[in-house]
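Any read-out appearing in this document is the output of simple, stated calculations on the displayed coordinates, not a laboratory observation. Keep in mind that this is a model prediction, so the values were computed, not measured. Cβ atoms come from the backbone with ideal geometry, glycine included; neighbour counts cover every protein chain shown.
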Amino acid sequence: MRKKIVAGNWKMNLNTDQGISLVNDLIKEKIDLKYNQTVIICPPFTHIGSLKMLLDNNEGSKIQLGAQNISDKASGAYTGEISGEMLKHLDTRYVIVGHSERREIYNESNEMVQKKVDAVLSSKMTPIFCCGEPLKVREVENQNDYVQQQIEEGLFHLNGETMSSLIIAYEPIWAIGTGRTASAAQAEEMHAFIRSILEKKWGSEIAEDVTILYGGSVKPDNAQELFSQDNVDGGLIGGAALDANSFIDIIKALA
Ligand code: 13P
């Protein structure tokens, strides 16, 4: 079943104490989630253990833990890397894979992203697979081909059953951290296109099940319009997830 999700990507922000304080504020709000709604926070690796304890003591909060990255390797001599098993052990359920900042700044190729998708799945967690075009591609209206290639090379090796539980996040790079959001119509157009790619490959039932999030300057004042589009199933939130009040307002915008 297709879920409605708001996920916060904290990126490299907040120390552990600040993260605990933010999550305490979210817990205090006692947000009422419907059966098909999920809230995920993706803090830096160093905070996950403390936040797991906090959330374990406040089960009613229903906030789920995600990570921002994963090693493509299972274990061994890979200095500085974090494995799927390590994350799973801390009750991490979701992992962002292929964020544009990792693709662009750390040169993660589609091939590497595919390996990381597999690493997440083999530890029985759910990938949040990011795709999205840079401004120069949008300017020449080549965004569909660009995103299609990312999806083909990152996900087409999966079978339908696995695919149906995946989360895709469309994040146009020109809208990330820039304050320039894709319009609701632009987001809907791309999300519908992504769903059509899924349908051609795996059939309409599976395509209908996949949650497709929009990311890129989602704020309390534009969340509702974006989330009300047929193919927009929620958001992957950067800057606005660092402030409890904005994040709560965005969660409330889930229909
Ligand atoms: P902003 O919401 O800060 O634009 O970031 C979006 C993002 O990259 C989420 O992964």
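Quick notes on this one:
- With 30 Å as the limit on Cα-Cα distance, the pairs of K115/K136; K30/K73; K73/K219; K11/K73 that go past it are K30/K73; K73/K219.
- P(r) tail fraction, the range 23-64 - alpha-carbon pairs more than 13 Å apart, %: 53
- Near-label residues of the range 164-184 by backbone N, under 15 Å of a point 7 Å along Cα→Cβ of A192: 183-184
- Percent of Cα-Cα distances greater than 31 Å, calculated over the chain: 18
- Shown is the FRET efficiency for T46 and N245, computed with R0 = 22 Å from the Cβ-Cβ distance and rounded to the nearest 0.05: 0.35.
- Sequence ranges 73-80, 225-232, 27-34, ranked by mean other-Cβ count within 10 angstrom, highest first: 225-232, 27-34, 73-80
- Scaled to the globular estimate 2.2 N^0.38 Å, the Cα spread of the range 127-231, given as radius of gyration, is 1.03.
- Cβ-Cβ distance of E153 and S228, R₀ of 35 Å, FRET efficiency by 1/(1 + (r/R0)^6): the value works out to about 0.65.
- At q = 0.13, 0.21 Å⁻¹, base-10 log of I(q)/I(0) for the range 38-85 (Debye sum, equal scatterers on each alpha carbon): -0.36, -0.77
- Sites D91 and R180 - FRET efficiency at Förster radius 35 Å, r taken between beta-carbons, to 0.05: 0.45
- Ordering of 233-240, 89-96 by burial proxy (mean other Cβ atoms within 10 Å per residue, highest first): 233-240, 89-96
- Peptide packing for 153-163, 205-215 was compared via the average number of neighbouring C-beta atoms within 10 Å per residue; ordered from the highest value, the list is 205-215, 153-163.
- The charge dipole of the range 158-255, taken about the Cα centre with unit charges on the Cβ atoms of Lys, Arg (+1) and Asp, Glu (-1), comes to about 260 debye, rounded to the nearest 20.
- Under the shape rule built on the C-alpha gyration tensor, where the axes satisfy a ≥ b ≥ c, the range 167-206 is prolate, since a/c reaches at least 1.5 and a/b is greater than b/c.
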